[in-house]
Amino acid sequence: QVQLVESGGGLVQAGGSLRLSCAASGRTFSRAGMAWFRQAPGKEREFVAAISWSGDNIYYADSVKGRFTISRDNAKNTVYLQMNSLKAEDTRIYYCAATLRVVTSRLDYYDYWGHGTQVTVSS
């Protein structure tokens, strides 16, 4: 079992930066692939970034590539999403997710989810 709690969301001006954190509990975190997804009201949840348990494999959505960086600290049971050059269209609720299967951009591969943190980018 893995329990996830996101933090770090907030209001920022376009061009600014935020760093999201996802604190995980459970002994299996170090073996879990982790990802960030995001969702706008009335829209489907979409993939943002993913990182394998070792950190060797990292994937990004094209829309955030070059601006966002995912990382993890297994000693702290935490995964991060550094978001730079934020745009108004990045305004979403951001969710942390974990999988004990292969890390992927597919939403249905993730068995554990946080409750989300709101990111609002003003233009």
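Under the condition of being buried (at least 18 other Cβ atoms within 10 Å of the Cβ) and small (Gly, Ala, Ser), which residue from the range 97-112 is farthest from PHE47 (Cα to Cα)?
Step by step, filter the range 97-112, then rank; the result is ALA98.
Can you tell me how many residues in the range 35-86 are assigned to a loop (DSSP other than H, G, I, E, B), among the aromatic types (Phe, Trp, Tyr) and over 24 Å from GLN3 (Cβ atoms)?
Residues in the range 35-86 being assigned to a loop (DSSP other than H, G, I, E, B), among the aromatic types (Phe, Trp, Tyr) and over 24 Å from GLN3 (Cβ atoms): 0 in total.
Which pairs have Cβ atoms under 8 Å, sit 6 or more apart or on different chains, and link a residue in the range 111-123 that is on the phi > 0 side of the Ramachandran plot to one that is among the hydrophobic types (A, V, I, L, M, F, W, C) and crowded, with 18+ Cβ neighbours inside 10 Å?
If the second residue must be among the hydrophobic types (A, V, I, L, M, F, W, C) and crowded, with 18+ Cβ neighbours inside 10 Å, the pairs left are GLY116/ILE93.
If you go through the range 1-20, how many residues are in a loop (DSSP other than H, G, I, E, B) and either surrounded by 14 or more Cβ atoms within 10 Å (Cβ to Cβ) or in contact with a Leu (Cβ under 9 Å, 6 or more places away or on another chain) (or both)?
7
Please find, among ALA23, ALA32, the residue that is closer than 14 Å to ALA97 by Cβ and open to solvent by 30 Å² or more (accessible area, probe 1.4 Å).
ALA23
Return the residues of the range 61-96 that are basic (Lys, Arg) and crowded, with 16+ Cβ neighbours inside 10 Å; say none if nothing qualifies.
The answer is ARG72, ARG92.
Being open to solvent by 50 Å² or more (accessible area, probe 1.4 Å) and under 18 Å from TRP53 (Cβ atoms) is the filter here, so list the residues in the range 113-123 that pass it.
TRP113, the sole residue that qualifies.
Of everything in the range 67-123, what is aromatic (Phe, Trp, Tyr) and more than 13 Å from the chain's Cα centre (by Cα)? Give them in sequence order.
Correct list: TYR109 only.
The values are calculated or read from the model by the stated rules, or taken from the named source; none is laboratory data. Values in this document were obtained by computation on a predicted structure and should not be read as measured data. FYI the Cβ positions are ideal-geometry reconstructions off the backbone, even for glycines, and counts take in every protein chain you see. Heavy atoms of the whole protein, side chains included, go into the accessibility calculation; ligands, DNA and RNA do not. Shrake-Rupley method; radii C 1.70, N 1.55, O 1.52, S 1.80 Å.
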